[in-house]
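The structure under discussion appears below in the form of structure tokens.
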Amino acid sequence: MPVLRAVTDIDAPPRLVAGILRDMDAVAEGLARLGHTARAPSRMLVAGDEVAFRARLWAGIRLPLRTRVTAVSADGMVSELVRMPVGPLRALEHRITLRPSGDGTTMVDELSWRGLLGAADPVVRRFGAQAQQARAAVLRARIETVCRPPNRVVVGTALVRDGRVLAAQRAEPASHAGWWELPGGSV
């Protein structure tokens, strides 16, 4: 099977990149930039989820296909073609591998397929390369938003058991003394 490979360096740790890769909104945004649509049963992709795509070809013609996420981890994600009722693809595997590199992550985005025209299929090559570029652009934009200095990552939790909630009464600062809060804080 031919392989279309794109390597992208991303200025963020692999776990953050892996989390954004699982976000269906990020997937849909990348594809929407190319005129395609995608939907899945949940916002955060997990192994077993099926993603339905409608690829825009030309003159308003849309080609449906469905893939299944077969593996998800902090090291990347793999999906495979479930079915394509019509069109050039007989098999498709999309594999994203994440590797730590310096202060960031190297993302290897690979598309392999078996189709009517094999490696020479210009349609699959063009759409695959465009999708890889759009995915990298969306990842970089989302990571820039998350990591922008004015933004803080704040963690909180609500522990509820038997109808009771764990909360703490603040002692400091004086302006907030006596107020109640859930456990958590800035990272």
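The values are calculated or read from the model by the stated rules, or taken from the named source; none is laboratory data. Please read all numbers here as calculations on a predicted model, not as lab measurements. Reconstructed Cβ throughout: ideal geometry from the backbone, glycine too, with neighbour counts over all protein chains shown. What goes into the accessible areas is simple: the full protein's heavy atoms, side chains included, and nothing from ligands, DNA or RNA. Shrake-Rupley method; radii C 1.70, N 1.55, O 1.52, S 1.80 Å.
For segment 61-77, taking the residues that are surrounded by 15 or more Cβ atoms within 10 Å (Cβ to Cβ) and of a type in the set (S, T, N, Q), the one that is modelled with the lowest pLDDT is identified as THR67.
Give the residue that is most open to solvent (accessible area, probe 1.4 Å), with candidates limited to residues of segment 37-60 that are farther than 21 Å from ARG126 by Cβ and assigned to a strand (DSSP E or B). Only one residue tops the list, namely ARG39. If we keep just the residues of segment 78-102 that are touching a Lys or Arg at 6+ places or on another chain (Cβ under 7 Å) and within 20 Å of MET24 (Cα to Cα), which is most open to solvent (accessible area, probe 1.4 Å)? Only one residue tops the list, namely ARG83.
When segment 138-151 is filtered for residues that are β-branched (Val, Ile, Thr) and within 20 Å of VAL108 (Cβ to Cβ), the ones remaining, listed by number, are VAL138, ILE143. Of the strands (runs of 3 or more DSSP E) lying entirely inside segment 103-187, the ones with 2 or more residues being surrounded by 11 or more Cβ atoms within 10 Å (Cβ to Cβ) and at pLDDT 90 or above are found at 104-115. Scanning segment 66-102 for residues that are assigned to a strand (DSSP E or B) and of a type in the set (Val, Ile, Thr) gives THR67, VAL69, THR70, VAL72, VAL78, VAL82, ILE96, THR97. Within the option set LEU34, LEU4, LEU63, being over 20 Å from CYS147 (Cα atoms), assigned to a loop (DSSP other than H, G, I, E, B) and in contact with a Lys or Arg (Cβ under 8 Å, 6 or more places away or on another chain) holds for one residue only, LEU34. Selection within segment 121-137: residues that are within 14 Å of MET107 (Cα to Cα) and not aliphatic (A, V, I, L, M). The member of this set that is nearest to the chain's Cα centre (by Cα) is ARG135. Going through (1) in contact (Cβ under 8 Å) with a residue 24 or more places away in the chain; (2) open to solvent by less than 70 Å² (accessible area, probe 1.4 Å); (3) of a type in the set (D, E, K, R); (4) in contact with a helix residue (DSSP H, G or I) (Cβ under 9 Å, 6 or more places away or on another chain) one by one, ASP11 falls short only on (2).
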